[in-house]
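> Take a look at this one; I'll ask things after.
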Amino acid sequence: MSDILSQDEIDRLLKQLSSGELDVENIEEKKEKQIKNYDFARPAKFSKEHLRTLEIIFEHYGRLLSANLPVYLRKSVQVEVMSSEAVTYSEFSNALSNPVLLGIVNFAPLSGSIIIEMANNIGYSIVDRMLGGIGTPLDKVREFSEIELLIIERIYNVCVELLIEPWSSVHELTPRLERIETNSQYAQIISPTEMIALLTLNIKIGDVEGLINICLPYMTLEDVMDKLNTKYWYSSLQDKDEKVYTDTVEALISKAPMPIKAVLGNSSISVNDFIGLQLGDIIRLDTKVNEELNIFVGNLRKFTALPGASGDNYAVRITSVIREEQ
């Protein structure tokens with residue numbers, strides 16, 4: 001029997017029950033056990049909810065990369081999350097080619113490390129940009145020199161520092177780049193059968209496009225797995241004291257310097273008259289002595305005032321506030 005009955009089937013059942021052709025006690029719903037296959041070689045440690053939350057975290061991370069990397073590379077940078085999946089570490093490491101750029105990042109205070117893998121063409125482009133080039137990658141793949149790795153390490157450190165803010169709603173981190181490996185065999189940070197969450201980001205530096213793969217082992221995230229769900233994510237955002245946030249913003253804005261200028265008047269003269277100006281010459285303005293002056297805050301006309309003095313300094317006295325509708 002299907003879960004949902006059509007109207008004809010309902011009418012037929014009611015007719016059979018009323019006529020006695022069908023006894024209610026004889027109606028037994030078949031309960032079949034649903035069997036779900038479980039692969040012990042690939043235990044399901046990351047749910048879809050976990051992966052979706054990780055995507056949200058790294059979407060924020062991508063926006064930070066897009067905003068901060070242009071300062072160092074002097075070129076537009078665009079980053080977006082392409083995919084997230086749960087795989088074994090052996091599947092990730094076997095797909096790596098040599099040479100490869102693998103940043104081993106200590107994910108303190110969480111136990112263990114994560115790996116940030118950067119495409120070779122992105123690495124070559126970064127080196128070229130940092131050395132004053134146009135950012136063109138090499139046509140032929142080769143090993144990275146020690147000097148090139150030191151240049152790339154600087155960008156890696158920037159990328160690692162930017163991990164702190166997106167993860168702040170889950171856990172306060174102090175990540176640190178331990179080393180950069182160019183051979184995947186020297187980056188066996190966990191057992192090959194250990195499950196990992198693999199986040200793939202697409203990065204575009206000018207016209208050069210490549211991938212960044214971020215390997216997050218389950219053993220590293222195990223202590224915060226309960227927090228990797230969207231319900232916790234949004235509730236933690238709502239639990240923040242909005243008043244404290246507002247007060248902080250207001251305090252910062254109140255310390256911002258505001259340029260204010262009082263305009264005595266305006267005048268137009270010819271270039272010839274301007275060239276011939278001498279000490280003692282008089283320039284006639286378009287305002288009278290007893291007229292109010294316009295006071296500008298930045299480029300916005302905000303007040304009118306009368307000129308005067310305060311001690312040994314010139315001053316103005318506010319006479320009216322100009323509203324937006326004026």
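> Which trypsin sites (Lys or Arg not before Pro) in the range 73-158 sit in a loop by DSSP (not H, G, I, E or B) and have at most 10 other Cβ atoms within 10 Å of their own Cβ?
Sparse-neighbourhood loop trypsin sites (Lys or Arg not before Pro): LYS140, ARG142.
> Between ILE134 and SER191, what FRET efficiency comes out of the Förster formula 1/(1 + (r/R0)^6) with R0 = 35 Å and r the beta carbon distance, rounded to 0.05?
So, using R0 = 35 Å, E works out to roughly 0.20.
> Continuing with this model, one more query. Between GLU49 and ASP8, what FRET efficiency follows from the Cβ-Cβ distance if R0 is 56 Å, with the result rounded to 0.05?
With R0 = 56 Å, the Cβ-Cβ based efficiency is 0.85.
> A follow-up question, please. What ranking of ASP286, ASP128 emerges when the number of other C-beta atoms within 10 Å of each C-beta is taken as an exposure proxy, fewest first?
Ascending number of Cβ neighbours within 10 Å: ASP286, ASP128.
> Could you point to the residue in PRO307, ILE295, LEU285 farthest towards the positive end of the range 260-321's charge dipole, with +1 and -1 charges on the Cβ of Lys/Arg and Asp/Glu respectively?
ILE295
> What per residue convex hull volume, in Å³, comes out for the range 260-321 when only alpha-carbon positions are used?
Normalising the Cα hull of the range 260-321 by residue number yields 122 Å³.
> Continuing with the same structure: Excluding LEU110 itself, calculate the net charge of residues whose Cβ lies under 9 Å from the Cβ of LEU110, where each Lys or Arg counts +1 and each Asp or Glu counts -1.
-2
> Just to verify a number: FRET efficiency for LEU300 and GLU172, C-beta to C-beta distance, R0 = 35 Å, to 0.05?
Working from the Cβ atoms, E equals 0.25.
> What distance in nm separates the two pseudo spin-label positions at ALA309 and ALA67, each 7 Å out from Cα along the beta-carbon direction?
5.0
> In percent, how large is the relative contact order of the range 48-247, given Cα pairs closer than 8 Å and 6 or more residues apart?
33
> Scale the Cα Rg of the range 48-247 by the rule-of-thumb value 2.2 N^0.38 Å and send over the ratio, two decimals.
1.04
Only the coordinates and a few stated rules stand behind these numbers; no lab work does. Computed from a predicted model, the values in this text were never measured in an experiment. As a convention, Cβ positions derive from the backbone with ideal geometry for all residues, glycine included, and neighbour counts pool all protein chains shown.
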